[in-house]
Amino acid sequence: MKQEEYIKKAYDLGFRYEKDYHGCAQSTIAAVQDSLGIRNDFVFKAASGIAGGGGGIGDGVCGGYSGGAMILSAFFGRRRNRFDCDDEYKQCSGDLVKTLHDKYIEQYGSVICRDVQTKIFGRYYNLRDPEEIKLFEEDGAHIDKCTVVVGNASSWAIEILLNEIARRGLSIKDFEHLVYIS
């Protein structure tokens, strides 16, 4: 597949996963993993609690952003077996996440869940309150609001990832060791 096809596939999967299953961080991770055919259930599971700004509170980072940061770091983050001396990969993941951050700032003005909600809905919702969740859904959260945010996060993350893979002269096959299915 060409890079543009991966990017489109990641957007489409991110949008669909957020629409069908909800959970912005996990939807972003699953979209990138499934687009590349590299599934890691442990990384996916680790994103369970960070949707909606972390625990649905809204004052943390957007789940699409945090899921994107996690998937970028899963590929190019500091390795545990080199915990004490893996500065290159630690720096690399930071640089990749900074690129994702810049795309969020350009599109939404923030990476904070409440701020992103305010940008796309005109207000923010307390996702710990059942009445607010009802309004959130009625206002299109899983029709054309958060679905688009997750689609964007997924497409941006895979684009950043593919650019780094190409820059290093690697291919997706070089990452098949990351596959972990529980």
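Where a number appears in this text, it was derived from the coordinates with a stated rule and is not lab data. It should be emphasised that the depicted structure is a prediction, and the values quoted were computed from it without experimental measurement. Note that each Cβ is placed from the backbone with ideal geometry, even for glycine, and that neighbours are counted across all protein chains shown.
Touching a Leu at 6+ places or on another chain (Cβ under 7 Å) and of a type in the set (Gly, Ala, Ser): which single residue out of Gly169, Gly64, Gly109, Gly68 fits that description? Write out each step before concluding.
Details: Gly169 fails: touching a Leu at 6+ places or on another chain (Cβ under 7 Å); Gly64 fails: touching a Leu at 6+ places or on another chain (Cβ under 7 Å); Gly109 fails: touching a Leu at 6+ places or on another chain (Cβ under 7 Å).
Going through Gly169, Gly64, Gly109, Gly68 in turn, the sole match is Gly68.
Out of (1) out of contact with any His (no Cβ under 7 Å at 6 or more places or on another chain); (2) over 20 Å from Ile38 (Cβ atoms); (3) surrounded by 19 or more Cβ atoms within 10 Å (Cβ to Cβ); (4) not hydroxyl-bearing (Ser, Thr, Tyr), the odd one out for Asp87 is which?
Checking Asp87 against (1) out of contact with any His (no Cβ under 7 Å at 6 or more places or on another chain); (2) over 20 Å from Ile38 (Cβ atoms); (3) surrounded by 19 or more Cβ atoms within 10 Å (Cβ to Cβ); (4) not hydroxyl-bearing (Ser, Thr, Tyr), the one that fails is (3).
Under 7 Å between Cβ atoms, at least 6 apart or on separate chains: pull out the pairs that start in the range 23-43 with a residue that is closer than 29 Å to Arg128 by Cβ and end on any residue that is among the acidic types (Asp, Glu) and crowded, with 24+ Cβ neighbours inside 10 Å.
Listed pairs, sorted by first residue: Cys24/Glu18; Ser27/Glu18.
Taking the range 59-83 only, how many residues are surrounded by 22 or more Cβ atoms within 10 Å (Cβ to Cβ) and in contact with a Lys or Arg (Cβ under 6 Å, 6 or more places away or on another chain)?
Residues flagged as surrounded by 22 or more Cβ atoms within 10 Å (Cβ to Cβ) and in contact with a Lys or Arg (Cβ under 6 Å, 6 or more places away or on another chain) within the range 59-83 amount to 0.
Out of curiosity, is Arg114 more than 21 Å from the chain's Cα centre (by Cα) and either among the basic types (Lys, Arg) or crowded, with 20+ Cβ neighbours inside 10 Å (or both)?
Working: more than 21 Å from the chain's Cα centre (by Cα): no; either among the basic types (Lys, Arg) or crowded, with 20+ Cβ neighbours inside 10 Å (or both): yes.
It is false that Arg114 is more than 21 Å from the chain's Cα centre (by Cα) and either among the basic types (Lys, Arg) or crowded, with 20+ Cβ neighbours inside 10 Å (or both).
Taking the range 26-73 as the search range and keeping residues that are among the charged types (D, E, K, R) and not in a helix (DSSP H, G or I), which one is nearest to Lys8 (Cα to Cα)?
At the first step, the residues of the range 26-73 found to be among the charged types (D, E, K, R) are 34, 39, 41, 45, 59.
After this cut, where a residue has to be not in a helix (DSSP H, G or I) as well, the list is 39, 59.
Numbers: Arg39: 18, Asp59: 30 Å.
Filtering the range 26-73 for residues that are among the charged types (D, E, K, R) and not in a helix (DSSP H, G or I), the one nearest to Lys8 (Cα to Cα) comes out as Arg39.
Can you tell me which condition Glu159 does not meet? The list is (1) in contact with a Phe, Trp or Tyr (Cβ under 6 Å, 6 or more places away or on another chain); (2) in contact (Cβ under 8 Å) with a residue 40 or more places away in the chain; (3) not hydrophobic (A, V, I, L, M, F, W, C), and all the others hold.
(1)
Do you know which residues across the range 111-143 are over 24 Å from Asp20 (Cβ atoms), of a type outside the set (D, E, K, R) and touching a residue at least 40 places away in the same chain (Cβ under 8 Å)? Walk me through it before giving the result.
Residues of the range 111-143 that are over 24 Å from Asp20 (Cβ atoms), as a first pass: 111-112, 114-115, 118, 122-123.
Filter once more, keeping what is of a type outside the set (D, E, K, R): 111-112, 118, 122.
Across the range 111-143, the qualifying residues are Val111, Ile112.
Taking the residues in the range 1-58 that are among the hydroxyl-bearing types (Ser, Thr, Tyr) and either loosely packed, with under 15 Cβ neighbours inside 10 Å or in contact with a Cys (Cβ under 6 Å, 6 or more places away or on another chain) (or both) as candidates, determine which candidate is nearest to Ile160 (Cα to Cα). Don't jump to the end; show me each part of the working.
Keep residues of the range 1-58 that are among the hydroxyl-bearing types (Ser, Thr, Tyr), which gives 6, 11, 17, 21, 27-28, 35, 48.
So of that shortlist, the ones also either loosely packed, with under 15 Cβ neighbours inside 10 Å or in contact with a Cys (Cβ under 6 Å, 6 or more places away or on another chain) (or both) come out as 21, 48.
On the way: Tyr21: 25, Ser48: 23 Å.
By that ranking, first place goes to Ser48.
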